[in-house]
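Peer 1: So that we are looking at the same thing, I have put the structure below in structure tokens.
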Ligand SMILES: [Zn+2]
């Protein structure tokens, strides 16, 4: 039910009614075209083939942990899964849970603003200002640029951090990307934490100084700013995952490596894992890919390592996602062992669970498969805090966890930065 008070009849003038209508929070309305009556369910699925079947049914997979998936499903999807023999446990109504998490509607919420209590999370404007502030405070270490624009025209900001930042030195380059998925706001904070750590602590932290001096670090805090802004529009969470092109493309199914090959994405535009009309049909993935392509200098890719941050489930994942096989074209046994070895070393520092991406379920068109398959970049996905969630707290943990859960990855990030040099 809407909470809008039914007082219009008591108001005197049409102008007052118009103002009241304008002040109604946009988030109180179901989002246009959203399927009705979406439920949140737990689904036990004990092996990767079963999980691939669940993910492939078109449900929105929120998280997967210890053989249980948490998904958002329409009534038809729930019926279909039950007909296939899956046992669904209903957690709640998706939209009611979103409304509950967002708190009471506010009369005059800004266009994009986190709900009360979550203001420590950065909106796009606040993220932009944080990056500008880093460049202003540390002009010798940080240089802000953009790899292009989102579908709605927002700059896709990229900040480079290194000593002699204005020179392209002969140092291994490492890329960190965040927020491909709109509602995974903790990841934007993760990237901003990296920026803060590698600039503000340079003068006093010997490890930071050594890494910044010997690497060229690129941080892209919001790959999907349109989706992220939409997710918080009017101060109400929407549970939105995709970009804002048409009914939305899942950026992490849109990369041009074995795109749509293997049942690990959807061809249905309404699906939350819609792969788009073509590889790189999303301007956001195309722009990031163009940047990575531009780092081929003298025939050799300068970027040697990459982490793409997501939430949630506390996992360290590596390619390939499109196949269950450990080895495949472009991934020999030695390379697979190196992925696993570095993945496990990182996971040993943050307590995440390390595994090949397809051990979870099949995905195709993911960033990791493209980074490795096309460029030979040691590319990982981190699924951040929390480990499990029965509902929406997985995407919307309280802002109080931001410092702890971002710093938790410091040592893992350092492992990767060292590995980028061949160690
Ligand atoms: Zn994600």
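Peer 1: Quantify how much of the Cα-Cα distance distribution of the stretch 288-423 extends past 25 Å, in percent.
Peer 2: Details: 2541 of 9180 pairs.
Every Cα pair in the stretch 288-423 considered, those over 25 Å come to 28 percent.
Peer 1: Related question: Pick from 63, 264, 330: which residue has the top mean-square fluctuation in a GNM of the chain where Cα pairs under 10 Å get a spring?
Peer 2: Largest GNM mean-square fluctuation: 330.
Peer 1: What are the extents of the Cα atoms of the stretch 184-331 along their three principal axes, listed from largest to smallest and rounded to whole Å?
Peer 2: Its Cα atoms span 51, 46, 29 Å along the three principal axes.
Peer 1: Run the quick spin-label model on residue 80 and residue 290: label points 7 Å from Cα toward the beta carbon, then report their separation in nm to one decimal.
Peer 2: 3.6
Peer 1: What do you get for the angle between helix 333-350 and the principal long axis of the chain? Use alpha-carbon atoms, 0 to 90 degrees, nearest ten.
Peer 2: Relative to the chain, helix 333-350 is tipped by roughly 60 degrees.
Peer 1: Treat the count of other C-beta atoms within 10 Å as a stand-in for reagent exposure and order 242, 160 from fewest to most.
Peer 2: On the way: 242 30, 160 18.
With the sparsest Cβ surroundings first, the list reads 160, 242.
Peer 1: While we're on this one: Looking at the stretch 279-423, what % of its DSSP beta bridges pair antiparallel, to the nearest 5?
Peer 2: Working: 6 of 17 bridges.
The answer is about 35 percent antiparallel.
Peer 1: As a test of the formula, what do you get for the chain when each DSSP H run with n ≥ 4 contributes -39,500 (n - 2.57) and the sum is divided by the residue count, at 222 nm and rounded to the nearest 500 deg cm²/dmol?
Peer 2: Values: 13 runs with 139 residues, N = 423.
Result for the chain, helices only: -10000 deg cm²/dmol.
Peer 1: Going by alpha carbons, how many degrees (0 to 90, nearest 10) lie between the helix axis of 14-23 and the longest principal axis of the chain?
Peer 2: Long axis of 14-23 versus the principal axis of the chain: about 30 degrees.
Peer 1: Hey, in the GNM for the chain with a 10 angstrom Cα cutoff, which one of 336, 328, 412 fluctuates hardest?
Peer 2: 328
Peer 1: Related question: Return the distance in nm (one decimal) between the two label points of a simple spin-label model at residue 297 and residue 164, each offset 7 Å from Cα along Cα→Cβ.
Peer 2: 1.0
Peer 1: In Å, what is the Rg of the alpha-carbon atoms in the chain, and how long is Dmax?
Peer 2: That works out to 21.6, 77 Å for Rg and Dmax.
Peer 1: Multiplying the sequence separation of residue 145 and residue 411 by 0.36 nm and subtracting their Cα-Cα distance, what value in nm do you get?
Peer 2: Values: separation 266, 0.36 × 266 = 95.76 nm, distance 2.68 nm.
Going from the current span to full extension adds 93.1 nm.
Peer 1: While we're here: Taking just the C-alpha trace of the stretch 39-102, give me its Rg and Dmax in Å.
Peer 2: According to the Cα coordinates of the stretch 39-102, Rg and Dmax are 11.3, 35 Å.
Peer 1: Here is a follow-up. Output the 0 to 90 degree angle, nearest 10, between the alpha-carbon long axis of helix 185-200 and the longest principal axis computed from the alpha carbons of the chain.
Peer 2: 40
Peer 1: Could you tell me the distance between the Cα centroids of the stretch 346-423 and the stretch 120-190, to the nearest Å?
Peer 2: Answer, in whole Å: 18.
Peer 1: For the pair residue 401/residue 344, report the inter-label distance in nm, with labels modelled 7 Å from Cα in the Cβ direction.
Peer 2: Rounded to a tenth, the inter-label distance reads 2.8 nm.
Peer 1: Next question. What ranking do 178, 261 get, fewest neighbouring Cβ atoms within 10 angstrom at the top?
Peer 2: Arranged by neighbour count, lowest to highest, 178, 261 become 261, 178.
Peer 1: What is the antiparallel percent of DSSP beta bridges lying wholly in the chain, to the nearest 5?
Peer 2: On the way: 31 of 54 bridges.
Around 55 percent antiparallel, to the nearest 5.
Peer 1: For the chain, with a Gaussian network of springs between Cα atoms less than 10 Å apart, report the residue from 369, 326, 231 with the top mean-square fluctuation.
Peer 2: Looking only at 369, 326, 231, the biggest GNM fluctuation is shown by 326.
Peer 1: Quote the relative contact order of the chain in percent (integer), defining contacts as alpha-carbon pairs under 8 Å separated by 6+ residues.
Peer 2: Once normalised by length, the contact order is 18 percent.
Since every read-out is calculated from the coordinates, none of them should be taken as a lab result. Keep in mind that this is a model prediction, so the values were computed, not measured. Here Cβ is always computed from backbone atoms with ideal geometry, including for glycine, and neighbour counts include all displayed protein chains.
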